[in-house]
Amino acid sequence: MRDSSDNWQKILSQGFRTAEQLLDYLGLCLSCSDPRAEQEFASRIPLGFAKRMKKKDPDDPLLLQVLARKEELQPTEYIEDPLKEKQYNPVKGLIHKYHGRILLTLTGACAVNCRYCFRRHFPYEENNPGRKGQDDILDYIRRNKDIHEVIFSGGDPLMLKDALLEEWFIKLENIQHVKTLRFHSRMPIVLPERINEHFCRLLAESRFQTVVVIHCNHPNELDEQVFLACQKLKKTGCQLLNQSVLLRGVNDKAQILAELSHRLFAYGVLPYYLHLLDKVKGAEHFDMERQQAIQLFQELQLLLPGYLLPRLAQELPDRPSKTLIAV
Ligand SMILES: *Cc1c(COP(=O)(O)O)cnc(C)c1O
Ligand code: SF4
């Protein structure tokens, strides 16, 4: 049966492609956005995500994550490649920076364009591995026997079609030292229909230990559709985790983050990382003072059991792991 397995692509194509369309839908005035910001980084907002925003509220926490605003154009010392990822890029589409695990960046596309994203200037086009690239990547993994985990990153790896993912699964299954496959995807949140039967079957039937790290920043992002997607993922037997980014004006309150942890838990998801913002050009207005972030985290710790407390972390260039922030 062709369940609605490809239905998500249709839903994806129905999303908003300009801030103007989104503002119109929300009944907000066009001056909330600056079209010049969209020229640097296009607008992309799935309709289902927009439906979770409050109409006529220019400060809605979901809207602020996706709205191209003039603040992005402010002069800044933040740079285009804050993580200097280009230097860890031995083969097209592969980043080898962490011990024992590699990132695959097989697509630069996402269903949503988050304005704070550190990849907003990443040269994905140059880095698209293509068909020949797949062999180079597999050779690299075969040669490096300490690689036990392959992380599908991006962009959003669930923008890839299931048939292509299946091909990767089959080829990676033949490399015995690879034990774990991990997906980092915002799809379960922004386009939950993507979690279809085909993808779930891949996860459930592979020989790998599997991890899916979703990306949710605010409890309002969680609705019934997202719940169903999480349930489907859980049923495959994968470990389901969440990472958030600490964003000024969006989730910079301990109560909001505590509620997020509790809601995620009810959805079967454990909080994993709470990231300090990567200092990428165009996103400075989302950043918080480090000391403020630490204070917020201390408040959060008072509200949550240890298993619902994410790790406060920062990605720094030249470090072979994430840096946990001491509080
Ligand atoms: C940090 C990070 C990883 C790997 O981190 P772990 O510490 O292994 O969880 C993978 N992908 C992205 C996008 C990251 O930021
Ligand atoms: S989904 Fe992730 S990779 Fe894509 S724009 Fe948002 S934060 Fe960046």
Helix-only mean residue ellipticity at 222 nm for the chain, each DSSP H run of n ≥ 4 adding -39500 (n - 2.57), per residue, nearest 500: -9500 deg cm²/dmol
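Fully extended, how many nm does the chain gain between LYS56 and GLN291 (0.36 nm per residue separation, minus their Cα-Cα distance)?
Result: 81.3 nm gained on full extension.
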Shape call, segment 206-325: gyration tensor on alpha carbons, a/c limit 1.5: prolate
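Taking Cα pairs under 8 Å and at least six residues apart, what relative contact order does segment 1-126 come out at, in percent?
Numbers: 135 pairs, mean separation 30.7, N = 126.
Once divided by the residue count of segment 1-126, the mean separation gives 24 percent.
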Relative contact order of the chain, pairs being alpha-carbon contacts under 8 Å that are 6 or more residues apart, as %: 17 percent
Amide hydrogen neighbours beyond the local backbone of PHE152, cut-off 5 Å, H modeled: LEU104, ARG182, PHE183, HIS184
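Out of all DSSP beta bridges with both ends in the chain, state the antiparallel percent to the nearest 5.
Working: 7 of 36 bridges.
About 20 percent, rounded to the nearest 5.
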Label point distance in nm, GLN74-GLN255, each placed 7 Å from Cα along Cα→Cβ: 2.6 nm
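I need the shape label for segment 1-124. Rule: rounded when a/c is under 1.5, else prolate if a/b > b/c, else oblate, with a, b, c from the alpha carbon gyration tensor. Each step should come with its number before you reach the end.
Working: a/c = 2.64, a/b = 1.29, b/c = 2.04.
In terms of gyration-tensor shape, oblate.
Could you sort 278-285, 140-147 so that the peptide with the highest average Cβ count within 10 Å comes first and the rest follow in order?
Details: 278-285: 20.6, 140-147: 14.0.
Answer by packing, highest mean first, reads 278-285, 140-147.
How big is the antiparallel share of DSSP beta bridges in segment 210-327, given as a percent to the nearest 5? Spell out each step's value before the answer.
Working: 2 of 15 bridges.
About 15 percent, rounded to the nearest 5.
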Those lysines that a straight Cα-Cα span of less than 30 Å connects to LYS253, excepting residues fewer than 8 apart in one chain: LYS51, LYS54, LYS55, LYS56, LYS70, LYS234, LYS279, LYS281, LYS322
Hits among aspartates and glutamates - C-alpha to C-alpha of LYS132 under 20 Å, sequence gap 8 or more where chains match: ASP162, GLU166, GLU167, GLU173
Under Karplus coefficients 6.51, -1.76 and 1.60, residue-wise ³J(HN,Hα) of segment 243-250 in Hz, glycine/proline x: 10, 10, 10, 6, 10, 4, x, 10
Distance between segment 156-195 and segment 1-57 - C-alpha centres, whole angstrom: 25 Å
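Work out the FRET efficiency for LEU303 and LEU47 from their Cβ-Cβ distance, taking R0 = 45 Å, and round it to the nearest 0.05. Before the final figure, lay out each step's value.
Working: r = 33 Å, r/R0 = 0.74.
That pair, LEU303 with LEU47, gives E of 0.85.
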Per-peptide average of other Cβ atoms within 10 Å, ordering 213-221, 27-35, 263-271 highest first: 213-221, 263-271, 27-35
Compactness of segment 138-251 - radius of gyration and Dmax, Cα, Å: 14.8, 47
FRET efficiency, ARG207 to ASP146 (Cβ-Cβ, R0 25 Å, nearest 0.05): 0.85
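Work out how much length GLU224 to LYS86 would gain on full extension: take 0.36 nm times their residue separation and subtract the Cα-Cα distance, in nm to one decimal. Let's see the in-between values first.
Numbers: separation 138, 0.36 × 138 = 49.68 nm, distance 3.90 nm.
Here the segment from GLU224 to LYS86 would lengthen by 45.8 nm.
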Simple spin-label estimate for THR180 and LYS234 in nanometres, 7 Å along Cα-Cβ: 2.1 nm
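Can you give the charge dipole size of the chain about its Cα centre, rounded to the nearest 20 debye, using +1 on the beta carbon of Lys and Arg and -1 on the beta carbon of Asp and Glu? Let's see the in-between values first.
Working: 45 positive and 43 negative charges, 137 e Å.
The dipole magnitude comes to about 660 debye.
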All aspartates and glutamates inside 14 Å of LYS86 as judged from Cα atoms, apart from same-chain residues fewer than 8 positions distant: GLU125, GLU126, ASP318
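Looking at the square roots a ≥ b ≥ c of the eigenvalues of the Cα gyration tensor of the chain, which shape do they give, rounded for a/c under 1.5, prolate if a/b is larger than b/c, or oblate? Kindly include the intermediate steps, with their values, before the conclusion.
On the way: a/c = 1.35, a/b = 1.28, b/c = 1.05.
In terms of gyration-tensor shape, rounded.
Any read-out appearing in this document is the output of simple, stated calculations on the displayed coordinates, not a laboratory observation. Computed from a predicted structure; not experimentally measured. Glycine also receives a Cβ, built like all others from the backbone with ideal geometry; neighbour counts cover every protein chain displayed.
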